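The values are calculated or read from the model by the stated rules, or taken from the named source; none is laboratory data. Because the structure is predicted, anything quoted here is derived from the model rather than measured. Please note: Cβ atoms are built from the backbone with ideal geometry, for glycine as well, and neighbour counts cover all protein chains shown.
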Amino acid sequence: MLIEQNLGVALDVADAIGVMVNGRIAHQMPAALLAADRELQEQLLGVRSGGHHDEAEPEVPAVASVPSDSQPQQVYTVQRAHGQGMPSLDDPAPRTVRGFNRWNAGDSAGAVVDIAREPVAPTVISTPISAASRSSKVLEFPVAATSGRAAYVAGTFDTKGRELFYIRQCLEKLGLRVVTVDLSTSGRPSPASVHPREVARHHPQGEAAVFSGDRGSAVTAMAQAFEHYLSTRRDLGGIISAGGSGGTSLATPAMRALPIGVPKVMVSTMASGDVRPYVGPSDICMMYSVTDVQGINRISEKVLANAAHALAGMVMHPPTESAANKPALGLTMFGVTTPCVQAVTKRLQEDFDCLVFHATGVGGQSMEKLVESGMLAGVIDVSTTEVADEIGEGVLSAGPTRLDVFARHAVPYVGSCGALDMINFGGWDTVPERFKGRLLYRHNPSVTLMRTSVDDNRLMGEFIAAKLNAMQGPVRFLIPEGGFSAIDKPGQPFHDPEADRMLSATIEQHFRSGAERKLVRFPHNINDDAFADALVAAWHDVQYAAAGARRA
């Protein structure tokens, strides 16, 4: 209770008194102690003893003694289940407060003395407690079990508010702190913790770029703003969303931008189909909603509750770090470069945790996502075949941004030309008509390979050289002049020395070499043991170069 300028009433109704100065509690003490000490009243409150403003000193009733044979009292101690050792609210408070009061605040002649702020001590109950009740019972409540990390519930609260609040309720019941973020673009009032306009302000062009009046561009802009918003959150323990195609498109770009390992759950009506546009190279957990995300019913409440509980488990029980503290190394492999990658891995696995990625488009993206997340010590990019699919319109492209991550992060890089002799398509009938006159190879009933031409190799060489020139860390790029794959060597269907020479010559023409940037040719096929040895030696070179740069 807050009582202003009436000490007598405060002493009558309260057992403990807190003295507030300039909005902060400076002292706290039993009411009887303050009532009995007139000097303390004047010092703290400006009450003048003997003046006509003084209140009559209230009579303090004596505390009745309790017979020793009274009924035992049971004491319950309520404490936070996860709060032990945490600083109290008193710790960040200032040690002193200004001693203004109503008598000296407007008088320049009145002395203003800083009052030392005493630690708040709990009021001690002097009633004796029998021996039988000395053992107290501790009741633990899972309140704010993750006070340092919050579960974020994001979505369009104007249309999915009931479902999103149900997720929040499930999380709070488990003791998580929850932040709700509204991604609506309708302009309606928002019940969420974070208003859509707050999210929109994080768009590079500001709030107006989101609320433009056009629904299509508004959704795209809000997704971009939400990605920037999440990057500023320091308490993000995990994120969950629920929605249809629009809601999924709003939430998942920001999820993809988060580091690998941050819990991400998306309940979506789109989760039973092709989810690559939503998941990409990230570790988003997609859960099919079964029914539409519309209302709470016997099906949706189970699906949404399971999703919330899954997120809670990931947030509250993060995995422990692996006991093997070996640095992680990323390698790319294709079927026709498997012997090479297996040989390199065998040589390095005692010292490195070798993570092999299948270079099928999303494989290269996944490896680069780990580089972006700071989870790889370096890369041996044996199989850059995704570049061939990007240039030659194949189906396994990793996109035009392949290799760009190394321009942003100075990670040691060793690369080669693995499977750059081929462009991938599906079954034989899926090959575009304009390519039917090219050299095709039926790899299996579901995969058809097309040999890269001289022109393809020239374009690939220019692409790769430009990417290598932009890299920030130490670089070694090794060219196996004996062939780029298991079927690119004498007697095999894709053996074409002229096309391979065009790639080598183009890279060499445009590559800018330096002390820690080297292009090296070898007479071997990519799957020869000697080439695997060369890759391992090159890795040790860039590893030591990177270590020297860090020491410098």
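Taken over region 218-273, the residue count meeting the criterion of being touching a Ser or Thr at 6+ places or on another chain (Cβ under 6 Å), in a helix (DSSP H, G or I), β-branched (Val, Ile, Thr) and closer than 15 Å to TYR152 by Cβ is 0.
Please verify whether GLY491 is out of contact with any Cys (no Cβ under 7 Å at 6 or more places or on another chain), on the phi > 0 side of the Ramachandran plot and exposed (fewer than 15 other Cβ atoms within 10 Å of the Cβ), treating the condition exactly as stated. In short, yes. Residues of region 277-302 that are part of a helix (DSSP H, G or I) and surrounded by 14 or more Cβ atoms within 10 Å (Cβ to Cβ): TYR278, VAL279, SER300, GLU301.
Is it fair to say PRO480 is over 21 Å from THR332 (Cα atoms) and at pLDDT 95 or above? Against the criterion (over 21 Å from THR332 (Cα atoms) and at pLDDT 95 or above), PRO480 does not qualify.
For (1) within 20 Å of the chain's Cα centre (by Cα); (2) at pLDDT 95 or above; (3) surrounded by 24 or more Cβ atoms within 10 Å (Cβ to Cβ), each residue gets a yes or a no:
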residue	(1), (2), (3)
LEU304	no, yes, no
ALA307	yes, yes, no
MET316	yes, no, no
ASP353	no, no, no
THR360	no, no, no
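Exactly one residue among ARG408, ARG438, ARG442 is modelled with pLDDT of 95 or more, basic (Lys, Arg) and more than 37 Å from the chain's Cα centre (by Cα), and that residue is ARG438. Among the residues making up region 515-552, a single one is in contact with a Ser or Thr (Cβ under 8 Å, 6 or more places away or on another chain) and polar (S, T, N, Q): ASN527. Look at region 334-350: where a residue is under 13 Å from ASP528 (Cβ atoms) and a partner is crowded, with 17+ Cβ neighbours inside 10 Å and hydroxyl-bearing (Ser, Thr, Tyr), sitting 6+ places away or on another chain with Cβ atoms under 6 Å, you get THR337/SER383.
State whether one or more residues within region 460-470 are in contact with a Leu (Cβ under 7 Å, 6 or more places away or on another chain), more than 21 Å from MET333 (Cβ to Cβ) and buried (at least 22 other Cβ atoms within 10 Å of the Cβ). Within region 460-470, one or more residues are in contact with a Leu (Cβ under 7 Å, 6 or more places away or on another chain), more than 21 Å from MET333 (Cβ to Cβ) and buried (at least 22 other Cβ atoms within 10 Å of the Cβ). Can you name the condition, by its number, that SER245 falls short on among (1) buried (at least 20 other Cβ atoms within 10 Å of the Cβ); (2) farther than 23 Å from PRO319 by Cα; (3) not aromatic (Phe, Trp, Tyr)? Condition not satisfied by SER245: (1). The residue pairs whose first member lies in region 294-317 and is under 11 Å from LEU176 (Cα atoms), whose second member is among the basic types (Lys, Arg) and at pLDDT below 95, and whose beta carbons are closer than 8 Å, counting only pairs six or more residues apart or on different chains, are VAL315/ARG149. For region 400-425, the set of residues classified as small (Gly, Ala, Ser) and either within 23 Å of LEU440 (Cα to Cα) or buried (at least 22 other Cβ atoms within 10 Å of the Cβ) (or both) consists of GLY415, SER416, GLY418, ALA419, listed by residue number. Looking across ALA200, ALA208, ALA242, ALA225, one residue alone is under 27 Å from TYR288 (Cβ atoms), out of contact with any Leu (no Cβ under 6 Å at 6 or more places or on another chain) and in the same structural domain as PRO277 (by TED's automatic domain parsing). It is ALA242. Contact map, region 208-236: residues that are at positive phi and surrounded by fewer than 18 Cβ atoms within 10 Å (Cβ to Cβ) paired with residues that are in a loop (DSSP other than H, G, I, E, B) and hydroxyl-bearing (Ser, Thr, Tyr), Cβ distance under 8 Å, separation 6+ or inter-chain. No pairs are found.
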